[in-house]
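Participant: If you scroll down you'll find the structure; I have some questions about it.
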Amino acid sequence: MNVDALTYFGSPIDPHLARLIAAHPQIFRGRKPRVFSHVPSGWFKLLDSLCTDIEAALGPQHCGDFSVVQIKEKFGSLRVYFRLGDHEDVEVAVVSSEGARQVTICIDSSSKLEELRAQARSLVNAAEAASTTTCEKCGANAERRDVKGWLTTLCEVHFTERKQLASFDE
């Protein structure tokens, strides 16, 4: 499958997503995530490692049961939604005055797939947590910051650039 031919709404997919799909045929099988997805350049290594770890945890016998539903940034951190077997995790974002957090609900009870789903979810949670200290632009050490009400995880250099761009909007 030529990943360069994959599109969302007639436009080519994000080049970092194309690289991820090409690098991990066991879990992507040459297909893009079902829902529009974007891989921030600074988080590519996190996602590449995550996919490698998921492939190892599932083994060849269960990689075919796994599919990536969506990859995106939300509240300044990475989000990876997936499906394993006939069920996918349901993600609920909770926003309060103390900040945002995400709760995962899974509806399935088949023991082997449930065990594998828990392993995959643990790996995804670790990558999502790591993204909160990794610049989404360059991969350097970073922190989650608020730029005009938009949470983003940026290093000092990219935060300064973003602030300067945001000041032009005023």
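Participant: Quick one: length gained pulling Ala23 to Cys138 fully straight, 0.36 nm per residue minus the C-alpha distance? Could the numbers behind the result be given before it?
Facilitator: Details: separation 115, 0.36 × 115 = 41.40 nm, distance 2.00 nm.
Stretched fully, the Ala23-Cys138 segment lengthens by 39.4 nm.
Participant: Can I ask one more? Could you work out the local net charge near Leu47, counting Lys and Arg as +1, Asp and Glu as -1, over the other residues with Cβ closer than 12 Å to its Cβ?
Facilitator: Working: positive: Arg19, Lys45, Lys72, Arg79; negative: Asp14, Asp48, Asp53, Glu73, Glu128, Glu136.
Surrounding charge for Leu47 is -2.
Bear in mind that the values in this text are calculations on the coordinates, not laboratory data. The shown structure was predicted, so the numbers you read here are calculated from the model rather than taken from an experiment. With ideal geometry, Cβ positions are generated from the backbone for all residues, glycine too; neighbour counts draw on all protein chains shown.
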